[in-house]
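Notes for the one structure printed next.
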Amino acid sequence: MANLSSSMRKTPPGIMLLRRMRGRNWSPKTFRYAVLLITFIAYACYHASRKPSSIVKSVLHTDPPNTNPWPLGNVFVKKETGNEAFDGSLSLRSNGWDPFDKKDGTSKLGEIDVAFLACYSLGMYVAGHLGDSLDLRLFLAWGMIGSGFFVVLFGMGYFWNVHAFSFYLLMQMMAGLLQATGWPSVVAVVGNWFGKRKRGLIMGIWNAHTSVGNISGSLIAAAVLDYGWGWSFIAPGVVIALGGVLVYLFLAAYPEDVGFPGINSNSGKFIKSSPPPPNEEEGASGESSSDGFVEGSASRRSVGLFQACLIPGVVPFALCLFFSKLVAYTFLYWLPFYLSQTAIGGEYMSVKSAGNLSTLFDVGGIVGGILAGYISDKFKARATTAATFMYTAIPAMLLYHTFGSMSQNVNIVLMMIAGLFVNGPYALITTAVSADLGTHKSLRGDSRALATVTAIIDGTGSVGAALGPLLTGFLSTLGWDAVFDMLVLGALIAGLLLTRLVIAEIREKIGYSEEVPVSEPLLNGGRG
């Protein structure tokens, strides 16, 4: 009886309510759409809550805000003279915000970025194992609510007139730890509902949540910036907390949790069992106890970190992502600041305008993620696709740095191209590749490694994500040439780390004429 109770999991309350109202369960296809939508919204909220620090950097360090709140005013306007302040008791000082208004202000801004990302990367390894052991729905929901709480507290430092660096450092560290709950959870949930067939394209489109979150976070933070920089944190913090409520109410983390059997990780079809999978037209009866519990996946056995690291392909992709995220997160945290400090067409733009313009980098990233996923599906070559994108990102970044200052139109085009090639492999590795490896054939049927493998890969990548913004805080004092040299080197190393897997994929194509499963060369550790 104890064993039976350990394999029971509570159905999300929102789904139970809808089931009672409709009189029957949703079809599997409807649940899949719902899972994609809810996890999309959830992780968009995570990224939206990370953007405020990049938007307010120039406000905290030197630059005052624009006096016309977006979107009522111009989106892209010239830089202010430095003496304007809006009316009201909460007006910002034009010389920044102590303790970030000193000569070492950019270094301190870099330190709070690295504090967030370091705690995020460390927490990822723990969160991944917990995600495979606990209820993913509750784990994700409370992680979002807790993260939103500390993002809001960071913003409250403005209203409480807090000038202690340790306060802001602590808030970022706590937010980073709780944000680690996000990525392993959402990838695991999507992997639980979808097989490998067309996984690259599906997850490439789905991964647009990263860029949508970045864009939304930038626009929300910029929209409320004139009312005090604290609002730029409070608004996204409230948004992610509300997203946590949505997850708690409606996210079905496993097919078994809503009355369906598990799926085959390759085909994506439901595993035949007794009773058989529910008919889509009739809907699942979703028989459950009066307490709303169904037989779920809690009985599956999670794997340890060391065992997950032994899965062929995990280590090289994790190391590749280290450098890939170093490049991507440097743009995420420092692009608005770079734009506000660089004369484009002979003119400087405002802090808010720089934040709005920087969103176009993520527009290119959306296209890059979808394109990388589609290409890797079509040619069944995840490693080759990722490496090619990383190598192509090198000239794209150099062109942007060299010619981006010519005019605003040139800057926009080159920024979007750079975003396409920088975010493409980052999106591919953190989604389709992680899901492929988390359901590797070396794992037994009763094992769960989706969240653990995702955490290892993305956790290692997040160490690079922490290092990039930290180095940028120091290198930017030497000039932006030094920053772009670092980005080029990072992209080159990322591509080289996949060389062995790329060779294995090429040999697989040459040596075998018949079709092989997606990512089979890399999952076999390069055996031709």
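The values are calculated or read from the model by the stated rules, or taken from the named source; none is laboratory data. No experiment lies behind these values; they were computed from the predicted model shown. Cβ coordinates were reconstructed from backbone atoms using ideal geometry, including for glycine residues, and neighbour counts include every protein chain displayed. When the accessible area is computed, the model is the full protein with side chains, heavy atoms only, and any ligands, DNA or RNA have been set aside. Shrake-Rupley method; radii C 1.70, N 1.55, O 1.52, S 1.80 Å.
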Considering (1) more than 10 Å from the chain's Cα centre (by Cα); (2) at pLDDT below 85; (3) buried (at least 24 other Cβ atoms within 10 Å of the Cβ), say which one residue 176 fails and leave the rest.
(2)
Odd one out for residue 169 among (1) out of contact with any Asp or Glu (no Cβ under 8 Å at 6 or more places or on another chain); (2) modelled with pLDDT of 85 or more; (3) of a type outside the set (Ser, Thr, Tyr)
(1)
Scope the range 210-225; condition surrounded by 24 or more Cβ atoms within 10 Å (Cβ to Cβ) and more than 30 Å from residue 424 (Cβ to Cβ); matching residues:
225
Kindly list the number of the only condition in (1) crowded, with 24+ Cβ neighbours inside 10 Å; (2) closer than 20 Å to residue 313 by Cα; (3) among the basic types (Lys, Arg) that fails for residue 380.
(1)
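Quick grid of which residues meet (1) part of a helix (DSSP H, G or I); (2) crowded, with 23+ Cβ neighbours inside 10 Å; (3) among the basic types (Lys, Arg); (4) in contact with a Phe, Trp or Tyr (Cβ under 7 Å, 6 or more places away or on another chain):
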| residue | (1), (2), (3), (4) |
| --- | --- |
| 368 | yes, yes, no, yes |
| 375 | yes, no, no, no |
| 410 | yes, no, no, yes |
| 415 | yes, yes, no, yes |
Show me the helices (runs of 4 or more DSSP H) entirely contained within the range 16-123 in which 2 or more residues are within 25 Å of residue 455 (Cβ to Cβ), of a type in the set (D, E, K, R) and modelled with pLDDT of 85 or more.
none
Would you check which residues across the range 226-236 are open to solvent by less than 10 Å² (accessible area, probe 1.4 Å) and either on the phi > 0 side of the Ramachandran plot or not hydroxyl-bearing (Ser, Thr, Tyr) (or both) and list them?
226, 228, 229, 230, 233, 236
Looking at the range 216-238 only, could you name the residues that are among the β-branched types (Val, Ile, Thr) and within 22 Å of the chain's Cα centre (by Cα)?
220, 234, 238
Among the numbered criteria (1) at pLDDT below 95; (2) open to solvent by less than 10 Å² (accessible area, probe 1.4 Å); (3) polar (S, T, N, Q), which single criterion is violated by residue 207?
(2)
Counted residues in the range 237-261 being of a type outside the set (A, V, I, L, M, F, W, C) and open to solvent by less than 10 Å² (accessible area, probe 1.4 Å) come to 6
Filter the range 252-266 down to the residues that are modelled with pLDDT of 75 or more and over 25 Å from the mean Cα position of the chain (by Cα) and list them by number.
256, 257, 258, 259, 260, 261
Could you identify the single residue in 328, 343, 354, 318 that is more than 19 Å from the chain's Cα centre (by Cα) and open to solvent by less than 10 Å² (accessible area, probe 1.4 Å)?
354
Within the range 413-439, which residues are modelled with pLDDT of 85 or more and among the aliphatic types (A, V, I, L, M)?
413, 414, 415, 416, 417, 418, 420, 422, 427, 428, 429, 433
Here the qualifying pairs (Cβ atoms under 8 Å; residues six or more apart or on different chains; first in the range 103-122 and closer than 24 Å to residue 318 by Cβ; second among the basic types (Lys, Arg) and surrounded by 20 or more Cβ atoms within 10 Å (Cβ to Cβ)) come out as 116/50
Among the residues of the range 155-172, count how many are farther than 21 Å from residue 102 by Cβ and buried (at least 19 other Cβ atoms within 10 Å of the Cβ).
1
